[in-house]
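Asker: One structure coming up, written as structure tokens, with questions to follow.
The values are calculated or read from the model by the stated rules, or taken from the named source; none is laboratory data. No experiment lies behind these values; they were computed from the predicted model shown. Positions of Cβ are backbone-derived with ideal geometry, glycine not excepted, and every protein chain shown enters the neighbour counts.
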Amino acid sequence: MFIRFITTGGTIDKIYFDATSQYEVGESNVEHILSEGLVNFDYDVVPMFQKDSLEITDENRQVLKEFIENDDASHYVITHGTDTMAETAAKLSSMPGKTIVLTGSLSPARFKTTDAIFNIGMAVAAVQSVGSGVYIAMNGQIFAEGEVFKNRSANRFEKTGESGSGSG
């Protein structure tokens, strides 16, 4: 199986700057995570954006969609910031023959305690297991596009119409 990873930025790629006490999106850690994970499948990593998801525009989403539509791969994992991940997933819907899984993290991949590595692994498993379509894989769950939202107050993703479930 070949999986094309596309990085767009978000918390998963944020780095901390001591001088300003702020986070900025830096180089992606996806290649490092896959290498350390000793993965046994073919892949490549395409850096597309280095943006916080709140800075991703409709034009950026169109560029991403056109890239995937015109690309020869069929399986994609896209790292993305969590705040607008559902909006990007909606933009990518309706591409027959493409399996797309978006993932990210609630804390930077560079942190000792992070959900990034688990979420990348979950997205890799999901993209190989689900049928064509667009999905979000976050914190041990797979959601179909259009059936998920980020519950900002609980800092987690939930299926549309459900709230308060889970113990995390």
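Asker: Looking only at the stretch 47-66, how many residues end up being over 16 Å from the mean Cα position of the chain (by Cα) and touching a residue at least 24 places away in the same chain (Cβ under 8 Å)?
Answerer: 2
Asker: With respect to I100, determine if the residue is touching a strand residue (DSSP E or B) at 6+ places or on another chain (Cβ under 7 Å) and assigned to a strand (DSSP E or B).
Answerer: yes
Asker: OK, next. Of all residues in the stretch 1-20, which are of a type in the set (G, A, S) and either modelled with pLDDT of 90 or more or buried (at least 21 other Cβ atoms within 10 Å of the Cβ) (or both)?
Answerer: G9, G10
Asker: Can I ask one more? I'm checking my understanding of the structure. Among residues of the stretch 31-60 that are surrounded by 11 or more Cβ atoms within 10 Å (Cβ to Cβ) and small (G, A, S), which one is modelled with the highest pLDDT?
Answerer: So in the stretch 31-60, the residues surrounded by 11 or more Cβ atoms within 10 Å (Cβ to Cβ) come out as 31-34, 37, 39, 41, 43-53, 55-57, 60.
Remaining after also requiring small (G, A, S): 37, 53.
Working: G37: 89, S53: 84.
Restricting to residues being surrounded by 11 or more Cβ atoms within 10 Å (Cβ to Cβ) and small (G, A, S), the top hit is G37.
Asker: Quickly run through the stretch 134-145 and pick out the residues that are surrounded by 13 or more Cβ atoms within 10 Å (Cβ to Cβ) and in contact (Cβ under 8 Å) with a residue 12 or more places away in the chain. Talk me through it step by step, then tell me what you get.
Answerer: To start, the set of residues in the stretch 134-145 that are surrounded by 13 or more Cβ atoms within 10 Å (Cβ to Cβ) comprises 134-139, 141-145.
Correct list: V134, Y135, I136, A137, M138, N139, Q141, I142, F143, E145.
Asker: Just to be sure I understand the filter: pairs with C-beta atoms under 6 Å, separated by 6 or more residues or on different chains, first member in the stretch 34-46 and in a strand (DSSP E or B), second member at pLDDT below 90. Which pairs pass?
Answerer: If the second residue must be at pLDDT below 90, the pairs left are V45/V30; V45/E31.
Asker: Here's a follow-up. Looking for something within 17 Å of D13 (Cβ to Cβ), of a type outside the set (A, V, I, L, M) and in contact with an Asp or Glu (Cβ under 6 Å, 6 or more places away or on another chain) - is there at least one such residue anywhere in the stretch 103-116?
Answerer: yes
Asker: Let me ask something else. Counting just the residues of the stretch 49-104 that are hydroxyl-bearing (S, T, Y) and out of contact with any helix residue (DSSP H, G or I) (no Cβ under 9 Å at 6 or more places or on another chain), which one comes out nearest to I142 (Cα to Cα)?
Answerer: Let us first name the residues in the stretch 49-104 that are hydroxyl-bearing (S, T, Y), namely 53, 57, 74, 76, 79, 82, 84, 88, 93-94, 99, 103.
Still in the running and out of contact with any helix residue (DSSP H, G or I) (no Cβ under 9 Å at 6 or more places or on another chain): 57, 74, 93-94.
Details: T57: 25, S74: 19, S93: 16, S94: 18 Å.
Among those that are hydroxyl-bearing (S, T, Y) and out of contact with any helix residue (DSSP H, G or I) (no Cβ under 9 Å at 6 or more places or on another chain), it is S93.
Asker: Would you please name the residue that is modelled with the lowest pLDDT, looking only at residues in the stretch 66-97 that are assigned to a strand (DSSP E or B) and of a type in the set (S, T, Y)?
Answerer: T79
Asker: When the residues of the stretch 103-125 are filtered to those that are part of a loop (DSSP other than H, G, I, E, B) and among the polar types (S, T, N, Q), which remaining residue is modelled with the lowest pLDDT?
Answerer: S107
Asker: Does Y23 satisfy the criteria of being at pLDDT 95 or above, closer than 24 Å to F157 by Cβ and either surrounded by 13 or more Cβ atoms within 10 Å (Cβ to Cβ) or aliphatic (A, V, I, L, M) (or both)? If you could, list the steps in order and put the result at the bottom.
Answerer: Numbers: at pLDDT 95 or above: no; closer than 24 Å to F157 by Cβ: yes; either surrounded by 13 or more Cβ atoms within 10 Å (Cβ to Cβ) or aliphatic (A, V, I, L, M) (or both): yes.
Here the answer is no, as Y23 does not meet what is asked.
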